[in-house]
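To start, the structure under review is shown below, and the notes come after it.
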């Protein structure tokens, strides 16, 4: 393997958050929960937006995001 | 066919709602309209988010959702 | 839900038409048949173009289109 | 429009059936239920195979199929 | 080439806007910026929703949209 | 962030199980193995079905499933 | 960078043409319009075929094509 | 293996035909050429529609089709 | 070209098998038929699962598989 | 069928080559092997890049390419 | 529109570079050529890797990349 | 569950490695880093190839790979 070893390596996880409020809030909750067990979260990408319907209204917004975080020590 | 007959069967429809306010609101309107003719809506999935632009601003948010509902009597 | 209720809501259906003549004609036939039972057809999108072969020639062009129509009363 | 009018037109619907037994059985149930309200079902295509897990075992197999049926009178 | 020449032709561009506020706002910013150099923007389609995470929170919402505009003189 | 904190967050993992018996059994084995190290498995989705061929017969059915489980304490 | 600099570089643009006549004609119009502002168009690829429906008939065929052209001086 | 052995097995090949005339004609040519070396062609599916542009006009329509044919003796 | 020439090269074919019994059996039949004319089949991947419906029941399960086999002499 | 018969028809095959050296070399090997049995190879497209890992290092690069070749006599 | 106006907006273009040497070099050439007419290139994504074959060898590697650049003044 | 329990189960992770040297090297680095925390890495699949551009040159090649490893004790 050539070059310096200073470049970073990232791992991705996929998490679904839900919210009664909005799609953006469901994304924020997925990230907040993931941050409890993984350090150095760096970016997310929305994979899927779904939701439950109850009484003809959106009961829960469910956002599945792929989240990237830096694998720590280099 | 084996097993009990108690499991549910769901049908999916695809509907586009629009809103001048937000993408989430366009989703809510699609669901509200679908609920006028179909009972037992259970979930949705966002398929496409588009919009019209007028005067360099979003005039209508247009959300296409797949909606699942239970086929009623078993 | 905010905003005025005047925006339209559209439903989509998926239909396959066939023709011995051409791919465009298969699309036209799918639309013509759908129009017999649904009012206010507004747009289509070609999903798939297939066909049957008989005697080394295209016997039927089969065009699957997604068709959008306005959900009528608002 | 050219050619004869004798070719058939098909409509597609999307249905999810579930079974405690097997993935194939979930497909069969989706078709059996759809057949209660639509005549002339002709083919299906598996769109998605999911399931619920309970007690570390598959509790329900859930098969989403697209089903094609002939639009009746020509 | 047959038919009248009056139909419009549209060109598409792909732009990523970002916002500290919301996903919808990131879309609005992409459109506002594109409007500075292109006239006659007509529609958009969301292609991708990503974001940067800083301190376990969404720092920037990043929305990539495809935007269609009319090629002017006909 | 608004709303109550009571909604659940799910993480997804991707696992490939194999079986000499059937495709459904390969799915069951993937789930059984995942359950040894993760609690609260809730659903799966089939991502890919492959297999090894030996002596012109299916030697192993290999099912790749995405499995969702609840991130435990809320 | 190794090798000679004589190889060509191509840029792609995405354009939607429309026609009242046929899908092929919509493609031809997209290309004819693009040729007014870009030299050296070399190839196209059909990305999407849609259309407007008016009075239960196809009013406009709308073909979106990706068009490649050579970036001129080398 | 269970059941009768009378069901058919089909093989698929992918072929690109070209035409100076139309997209449909490019499909017909692909099929005509494939028929010279394979018997029992049964169906096709359009995979891709491309073309060469010369002098700002479509010089060749290039249609890539997947063609299915019956594996003969059972 | 560098390195030893000992690595294998594989070719893929796409075949559809059908069965009145099950989806797995349709896969097995596709493989069994392909094995009549090609040696050294090594793996398969399910591409599509469809079926014919007759009398509201699955008449034939139709599994399309991509099959890989070793190009023999090295 | 209209027009001259001089246009070419191409067939595509899918081949996986492997190399201990690099991804590009795996592509070259797939092409070199395919060339032993098919004349007039004209182009390739990378479909998938995979590899085996042994001792935490890439042991074999495996490149799957779609290769187009001209169907010879016209 | 809320929030500060300081966030950046990016535009994407799609370019194909070619090289007789390697796939990486074809990417570098696409970027080098794009940089002649656009400032502030920031990232690329490989969209497609193809090539011409001549004499059973790769004659040109052709890499299509999507390139993002900052829309300059804010 | 039937059959012997001897078949293996694999888990997949998604990792992005980067390199200033080449795309292949970015893949190697992703694998080397993953190997620090997971045993028995068996294969990889390239999911995405991106990069940063600085001074009109590729500054970092960024390869996202899915890596499969054996879930250890059986």
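The values are calculated or read from the model by the stated rules, or taken from the named source; none is laboratory data. Here the structure is a predicted model, which means the values were calculated and not measured. Every residue, glycine as well, gets a Cβ built from its backbone with ideal geometry; the counts of neighbours run over all protein chains shown.
Against the definition (modelled with pLDDT of 95 or more and in contact with a strand residue (DSSP E or B) (Cβ under 6 Å, 6 or more places away or on another chain)), how does residue F:41 come out, yes or no? I'd like the intermediate steps shown before the answer.
On the way: modelled with pLDDT of 95 or more: yes; in contact with a strand residue (DSSP E or B) (Cβ under 6 Å, 6 or more places away or on another chain): yes.
Here the answer is yes, as residue F:41 does meet what is asked.
Can you say whether residue L:22 is more than 26 Å from residue F:35 (Cβ to Cβ), within 14 Å of chain K (Cβ to nearest Cβ) and buried (at least 22 other Cβ atoms within 10 Å of the Cβ), as far as the supplied structure shows? No, not satisfied.
In this entry, residue L:62 is excluded by the filter for residues that are out of contact with any strand residue (DSSP E or B) (no Cβ under 8 Å at 6 or more places or on another chain) and within 14 Å of chain K (Cβ to nearest Cβ). All of (1) modelled with pLDDT of 95 or more; (2) in contact with a helix residue (DSSP H, G or I) (Cβ under 6 Å, 6 or more places away or on another chain); (3) away from chain E (no Cβ under 14 Å) hold for residue B:9 with one exception: (1). For region I:29-55, a residue qualifies if it is buried (at least 17 other Cβ atoms within 10 Å of the Cβ) and under 21 Å from residue D:43 (Cα atoms), and the qualifying residues are I:29, I:30, I:46, I:49, I:50, I:51, I:53.
For residue A:54, the criteria (1) more than 7 Å from every other protein chain (Cβ to nearest Cβ); (2) modelled with pLDDT under 95 hold in every case but one, which is (2). Apart from one condition, residue K:14 fits all of (1) outside any strand (DSSP E or B); (2) within 17 Å of the chain's Cα centre (by Cα); (3) under 25 Å from residue E:33 (Cβ atoms); the exception is (1). Considering only residues in region A:17-56 that are in contact with a helix residue (DSSP H, G or I) (Cβ under 7 Å, 6 or more places away or on another chain) and assigned to a strand (DSSP E or B), the one that is farthest from residue B:65 (Cα to Cα) turns out to be A:41. A count restricted to region L:57-74 and to residues that are buried (at least 17 other Cβ atoms within 10 Å of the Cβ), in a strand (DSSP E or B) and in contact with a helix residue (DSSP H, G or I) (Cβ under 9 Å, 6 or more places away or on another chain) stands at 9.
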